[in-house]
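Engineer: Submitted below is the structure of interest, expressed as C-alpha cells.
The values are calculated or read from the model by the stated rules, or taken from the named source; none is laboratory data. All values reported here derive from a predicted model rather than from experimental measurement. Cβ coordinates were reconstructed from backbone atoms using ideal geometry, including for glycine residues, and neighbour counts include every protein chain displayed. SASA here: full protein model, heavy atoms, side chains in, ligands and nucleic acids out. Shrake-Rupley method; radii C 1.70, N 1.55, O 1.52, S 1.80 Å.
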Amino acid sequence: MSNSTYHDALAAPSGARSLSLRRFGHHAVTAMLFLGGLAMTFPFIWMISSSLKPKSEIFGSDFSLLPRQFYGFINYGKVLFDQPYLLYIANSLIVCLGILAVQLATAIPAAYALAKLRFKGSSILFGAVIAGITIPVNVTAIPLYVGIVKVGLLDTYLAMMFPFFVSVFAIFLFRQFFRSFPDSIIQAARIDGFSEMEIILRLIVPSAVPAIAAFTIFSFVSHWNDLYWPLIVVQSQDKITATLAMMQYKGDLGIDYGVTFAAATIVTAPLVVAFLFARRLFIRGITMTGVKG
C-alpha cells in the first residue's frame, strides 16, 4: 500500500466523523430554533384558539387547541358590532402615525447633527441621549399629566401623542446608521451648494430607509400596545384606543375571555401584517445599525 493510499484510508473515517458531527450540530441548532420559535408563537396560537371558544371552554381541564363549540362568530361579532371597535382602531392609527411622523421629523436632523457635524458639546449631548434611553416614561408621567391638564389638552389626541414626540432611541438608532454614510459625499454636496437640510432630505433620508423601517416597527408596536398613558389621559368613549377598549370586557360577573381574546387577535393582526411586509427592511435596519434585542 502506498503512503498516499494509507493516509487516505486513515483520513476517511476522521472525515466521516467530522461530517456526522457537523450534521448533528446542524440538526441540534435547527431543533433549538424550532423550539424557540414554537415558544414565541404559541401564545399567539393560544390567543387565536381561545378567541374561537366559549368562556367555559378556555380554561377547561381538558386542553385542546381546537374548539369543541365554535364561538368564533359570536366572539368576533361582539367585538366588531356591539361597539365601535373600528373607531377604536382608527384612534390607535391616528395616535401611532402622529407620534411616528413627529419622531422622524425630530430624530433624523438631531441624529445627523450628532453623527456628521462637529460642534462643542456634541459628546455631552450624545451622552444625554444615552442617559435618556434609560429613563422610563412612568417617571415623568405625573409632571406631564399636570402640564397637560393645565393647558387644557386632557382627553385629546395630542395628549396621547405629546410625551412621545421626541424619541431618544430613534436619535441613537439613526446616529449609528448615519455614521456609516461617506463623509466625501456630504462634502461634495456642500461644495455643490447643498444646505444641511437638503443633504438630509436628498441624500441621508433615501439611504436610511432600512433604519427608518426598523424604527417604524419599534415605534408602531410600542404605541399600538400602549395601555398605560391612554388610560391616564383619555376619558371620552370616542377617544379610547383599541388596546384600551379591551378593558371593557371586564364586567361584574368577571372577564369574558372569549371576546377579550377575539379583540386581542384583531388588535394584533395589523402589527403582524405590517411586520410581514417590512420584515426584510427591518432586518437590514437592525443589522446595519448594530442595534439588537
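Engineer: Give me the residue from region 54-66 that is touching a residue at least 40 places away in the same chain (Cβ under 8 Å) and open to solvent by 80 Å² or more (accessible area, probe 1.4 Å) and, out of that set, farthest from V259 (Cα to Cα).
Structural biologist: F59
Engineer: Let me ask another. Considering every residue within region 193-205, establish whether at least one is within 23 Å of A101 (Cβ to Cβ) and assigned to a loop (DSSP other than H, G, I, E, B).
Structural biologist: yes
Engineer: Mind listing whichever residues of region 188-204 are more than 14 Å from A115 (Cα to Cα), open to solvent by 40 Å² or more (accessible area, probe 1.4 Å) and not aromatic (F, W, Y)?
Structural biologist: Here is the first cut: in region 188-204, the residues more than 14 Å from A115 (Cα to Cα) are 188-195, 197-198, 201-203.
From what is left, the residues that are open to solvent by 40 Å² or more (accessible area, probe 1.4 Å) are 188, 190-195, 197-198, 201-203.
Once the filter is applied, which keeps residues that are more than 14 Å from A115 (Cα to Cα), open to solvent by 40 Å² or more (accessible area, probe 1.4 Å) and not aromatic (F, W, Y), region 188-204 yields A188, R190, I191, D192, G193, S195, M197, E198, L201, R202, L203.
Engineer: Do any helices (runs of 4 or more DSSP H) entirely within region 206-277 hold 2 or more residues that are on the phi < 0 side of the Ramachandran plot and in contact with a Gly (Cβ under 9 Å, 6 or more places away or on another chain), and if so, which?
Structural biologist: Filter on region 206-277 gives 209-224.
Engineer: If you scan region 82-99, which residues turn out to be within 30 Å of A211 (Cβ to Cβ) and either of a type outside the set (A, V, I, L, M, F, W, C) or open to solvent by 20 Å² or more (accessible area, probe 1.4 Å) (or both)?
Structural biologist: I89, A90, N91, S92, L93, I94, L97, G98, listed by residue number.
Engineer: Which residue is modelled with the highest pLDDT, if the candidates are limited to region 1-53 and must be more than 30 Å from A262 (Cβ to Cβ) and not in a helix (DSSP H, G or I)?
Structural biologist: Looking at residues that are more than 30 Å from A262 (Cβ to Cβ) and not in a helix (DSSP H, G or I), I get S2.
Engineer: I've got another one for you. Would you please name the residue that is nearest to V209 (Cα to Cα), looking only at residues in region 146-187 that are among the polar types (S, T, N, Q) and loosely packed, with under 15 Cβ neighbours inside 10 Å?
Structural biologist: Within region 146-187, the subset among the polar types (S, T, N, Q) is 156, 167, 176, 180, 184, 187.
Right, trim to loosely packed, with under 15 Cβ neighbours inside 10 Å and you get 180, 184, 187.
Numbers: S180: 14, S184: 20, Q187: 22 Å.
In this case the residue turns out to be S180.
Engineer: Follow-up question, since we're still on this one. Within region 37-53, does at least one residue satisfy the condition of being open to solvent by 50 Å² or more (accessible area, probe 1.4 Å) and charged (D, E, K, R)?
Structural biologist: no
Residues are listed down the side, and each one gets a yes or a no for (1) open to solvent by 50 Å² or more (accessible area, probe 1.4 Å); (2) at pLDDT 85 or above; (3) farther than 21 Å from A213 by Cβ:
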residue	(1), (2), (3)
G77	no, yes, yes
L80	yes, yes, yes
I108	no, yes, no
R118	yes, yes, yes
L125	yes, yes, yes
L144	no, yes, yes
